[in-house]
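Comments concern the structure below.
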Amino acid sequence: MTCVGLIGGLGVGATVHYYEKIAAACKARGVSPDLVIVHADVDYGQGLVRAGKLDELADYLAAFIDRMSRAGAEAAVMPAVTPHICIAQLLKRTRVPLINIVDPIGAELSARKLRRVALFGTVFTVEGGLWGQLQAHSPGVEIVKPRPDEIAFIGKAYQRILDTQKGDEADTAGLRRIAADLARRDGVEAILLAGTDLAVIFDEANAGFPAIDVARLHIDAIVERLVS
């Protein structure tokens with residue numbers, strides 16, 4: 001079994017979600033996960049993202065990975081999408097293998113033969129479109145960017161969920177409306193739920209539109225690494 005380290009706190013709800021799902025998946029396989037978890041400051045991390053200080057963000061996260069490595073972690077995970085904005089910088093700062101969320105996303109889109117998708121998550125994730133990282137895995141996939149007013153709505157709705165860990169009927173209805181508009185207007189075939197806290201209001205089964213939970217894909221990859 002591989003010891004995997006999780007940088008928690010990026011936010012707390014996402015960390016709890018990952019921990020619960022990893023523990024349940026490992027239990028179903030009859031194994032106990034070997035995990036190390038540290039706590040990062042989500043507000044500090046988001047501040048660096050907003051300021052575009054990706055080198056400083058990578059330095060901040062690399063320090064946590066180093067601590068987890070000294071505690072026995074043989075691979076590291078960021079259980080959140082937005083911090084992956086600095087993955088290129090982070091890879092230069094650590095020798096510990098990273099279980100990158102983009103890898104399983106690319107594999108899933110290729111398996112489903114999807115060509116046009118959109119993202120729901122933080123403003124940085126939606127506007128960044130996974131920061132060009134997906135093209136290395138699935139060059140034929142286009143990430144369709146919602147209109148500016150739609151991005152603003154998605155971002156504010158997601159921030160409310162992140163802050164309160166509660167759903168709001170207006171936010172849920174608005175996200176479903178945007179998903180329908182993206183499908184009708186832009187030919188989007190599926191929405192990537194690229195924000196773990198969206199699980200508070202819906203999942204792949206009850207979203208009301210074709211959706212792919214990227215946290216689920218990431219967690220599956222983590223479990224595979226754990227049991228290897």
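With the simple model of a label 7 Å out from the Cα in the direction of the Cβ, R112 to T2 spans 2.4 nm. Sorted largest first, the spans of the alpha carbon positions of the chain along the three principal axes are 50, 41, 36 Å. What separates the Cα centres of the stretch 1-34 and the stretch 158-228 is a distance of 20 Å.
Residues E189, E20, E169, arranged from fewest to most other Cβ atoms within 10 angstrom of their Cβ, appear as E169, E20, E189. In this simple spin-label approximation, D181 and Q165 carry label points 7 Å from Cα along the Cα→Cβ vector, and these lie 3.2 nm apart. A simple packing score, the average count of other Cβ atoms within 10 Å per residue, orders the peptides 7-19, 150-162 as 7-19, 150-162, with the highest score first.
When the Gaussian network model of the chain links Cα atoms closer than 10 Å, the mean-square fluctuations of A207, A58, A28 top out at A28.
Each helix, a run of at least 4 DSSP H residues, gives -39500 (n - 2.57); summed and divided by the residues of the chain, these come to -15500 deg cm²/dmol at 222 nm.
Counting only aspartates and glutamates at least 8 places from K113 when in the same chain, those with an alpha carbon closer than 13 Å to its own are E142, E189. Partners of K53 within straight-line reach, counting aspartates and glutamates whose Cα lies under 18 Å from its Cα and excluding those fewer than 8 residues away in the same chain: D41, D43, E127. Computed from the C-beta positions of R147 and D41, the FRET efficiency with R₀ = 35 Å rounds to 0.60.
Throughout, read-outs are computed from the coordinates displayed, never taken from laboratory work. Keep in mind it's a predicted model, so treat the numbers as computed, not measured. In this analysis, Cβ positions are derived from the backbone assuming ideal geometry, glycine residues included, and neighbour counts consider all displayed protein chains.
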